[in-house]
Structures are given as structure tokens and as C-alpha cells.
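Single-structure report; data block below.
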Ligand code: C2E
Ligand code: CA
Ligand code: CA
């Protein structure tokens, strides 16, 4: 019992230490944003990049968002991180557009706490888009299904969508997936979660589910993105099942903006290189 209490106490102290370190990192501009390409299977071009926050700490090295995003949510730091990522992503997209890649768009993740009534996401998002001078349609907001239970959140997403912003349902096929959410609240993209893609080759029932989902999405005018795709076999099956877009280490991990511009030159340039060449040369960050 005493040991158990000590473990809880140590975990709590570690959490508080990470929170303080994160506060310091936010204040001193130590966070960065990397981008992971999403490839359109009908053209072989990059259509979109997902903006993913990165934190390289001098002592601990890279700290995964999986470790610090929940802490940022718990201690009210997520708004600052979200706003930083949003502004940087819009500015970097503007850079890509000015280099001639005007069809490329960008996705940002939103956490549930960012959709509080007091925190006007509508104004923050529209201001970031307008000050970067990019089209509204070139920004996608990714939300998870668990957020979709909140009426206020959906109203806000509908307002953004009316301005032209796209909405993606992230981590689809995890936990409970309500098809009625999909039908009632129009979204533009469905992202099939990595855990689903991982077991796809061994599990025929998952392939049947994806095939049904793709058919339904087509009828609703929704594009399907499979994420966490690492192998050529997974890619082949997902393509056969009709997934529109693919994201994953097979193509590339998330990279800094400069490296993404090189990817655009290779993928979307006048003479695009073979699709799977990058998987051989890409290093996992
Ligand atoms: P997510 O939105 O599901 O993002 C995809 C995660 O899968 C990313 O991890 C990405 O690096 C990883 N990934 C992509 N392809 C592959 C693959 O082929 N294999 C493997 N093993 N992993 C792959 P990351 O960057 O560690 O982010 C983890 C989660 O943290 C994200 O999951 C998202 O929920 C959250 N997150 C990241 N950036 C932000 C942000 O700016 N704001 C908010 N609210 N959440 C963020
Ligand atoms: Ca996401
Ligand atoms: Ca996801």
C-alpha cells in the first residue's frame, strides 16, 4: 500500500515537473511544428500536410506530443499550443503557396478544451487564415469523435465550415464510432486510425469494414484518409479498398518546413519521382 502511494506521488511530481518545463518551453518559444505529407492516390501528389507539434528538450531530447498534450490539456496550456501551431501552419502554408504549390492544404489538430465557449476558436481560426492570406478551404481542422458529442463544438465547426474551412474526423474506428455523427454533421474527411491499419492485413473483417466505410463516405461526399501506413502491402490493400489519401511512414514522417518543400519538389514537381522511392530514402524522425 505504502509502495503504491509512493508510486502515485512520484507520478504526480513527474507530471508537475513536465508541466513547469512545458510552461517554460511555451514562454521561450521552444516548440516547433513539423508536417507529415498526405498523398492523393489518384494523382500521386501531396495534397495536404498534417501539422504536428514538436518539442526538443535540451535534457530529455524529443518529448512526444502523446506525453505532453494531455498535460497541456489538463493544466490549461493547450490553447496557447494550439494557437501557436495554427498560426505557424498558416504562415508555412502561405510559403508553400507562394512557391507555386497552391493546391496544397494543411491540417491542424484541435483538442476538446480548445472549443470552450470562452475561447473564441471561430475568431482565432479566421484571423490566422486572413493574416496569412491563404484561402479558407486550404485549412482543415481535425477533431476526434469524442469531441463530437458536444453540441457547441459542432455549431462552431459548422460556422467554420460555412466560411470554407474543412473538417476531418480523426482517429475514426477507435472506441465507439457513431455513423449518425457522420451523417448528421457534415465533415469533409474521415481519418482511419493507425491501430486499424496495423491489423488490416491479418484481419479480413477490418477490410470489409473499410470497404463499407469508403462506400458510405463516397455517397456523403467525404474523402477517406488512412493514417499510420508503413508498408507497401498495407498501401496496396487500402488502395484496392478505395481509400482516397494515404498518410504514414511509408511516404514520410513529419518533417520541418524546409524538408517538406523538398518533398513537394519531388512529389508535385513537373516530373514526379516514383511513389515508393521516398520510403527507401526517408529516415524516421
Ligand atoms: P494524431 O493526430 O493521430 O497524429 C498522428 C500521429 O501518428 C503522429 O504522432 C504521427 O507522427 C504518427 N504517425 C504518422 N504516421 C505514422 C506511421 O506510419 N507509423 C507510426 N508509428 N506513427 C505514425 P505524434 O506527432 O507523436 O502525435 C501524437 C498525437 O498528439 C497526435 O495524434 C495528436 O492527437 C496529438 N497532437 C500532435 N500535435 C498536436 C497539436 O498541435 N495540437 C493538438 N491538440 N494535438 C496534437
Ligand atoms: Ca490528427
Ligand atoms: Ca489520428
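Tabulated values for the structure
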item: Mean residue ellipticity (222 nm) of the chain, computed from DSSP H runs ≥ 4 via -39,500 (n - 2.57), nearest 500; result: -15000 deg cm²/dmol
item: Cα convex hull of region 31-139 - mean projected area over all directions, nm²; result: 8.1 nm²
item: Long-range tail of P(r) for region 112-151 (Cα pairs > 15 Å, %); result: 50 percent
item: Degrees separating the helix 257-267 axis from the principal Cα axis of the chain, which is the longest one; result: 10 degrees
item: Share of pairwise Cα separations in region 133-187, more than 13 Å, in percent; result: 58 percent
item: Simple spin-label estimate for residue 112 and residue 219 in nanometres, 7 Å along Cα-Cβ; result: 3.1 nm
item: Angle in degrees between helix 78-98 and the longest Cα principal axis of the chain, rounded to the nearest 10; result: 30 degrees
item: Hull-based mean projected area of region 32-272, where the convex hull spans the alpha carbons, in square nanometres; result: 13.3 nm²
item: Folded to 0 to 90 degrees: helix 65-74 orientation relative to the chain principal axis, Cα; result: 50 degrees
item: Computed label-point distance, nm, for sites residue 74 and residue 203 using a 7 Å Cα→Cβ extension; result: 2.9 nm
item: Among beta bridges that DSSP assigns inside the chain, antiparallel share in %, nearest 5; result: 45 percent
item: Net lengthening on full extension, residue 120/residue 67 (0.36 nm per residue, minus Cα-Cα); result: 16.5 nm
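None of the figures in this text is laboratory data; all of them are computed from the coordinates on show. Just so it is clear, the structure is predicted and the values come from calculations on it, not from any experiment. Ideal geometry is used to build each Cβ from the backbone, glycine not excepted, and the neighbour counts take in all protein chains shown.
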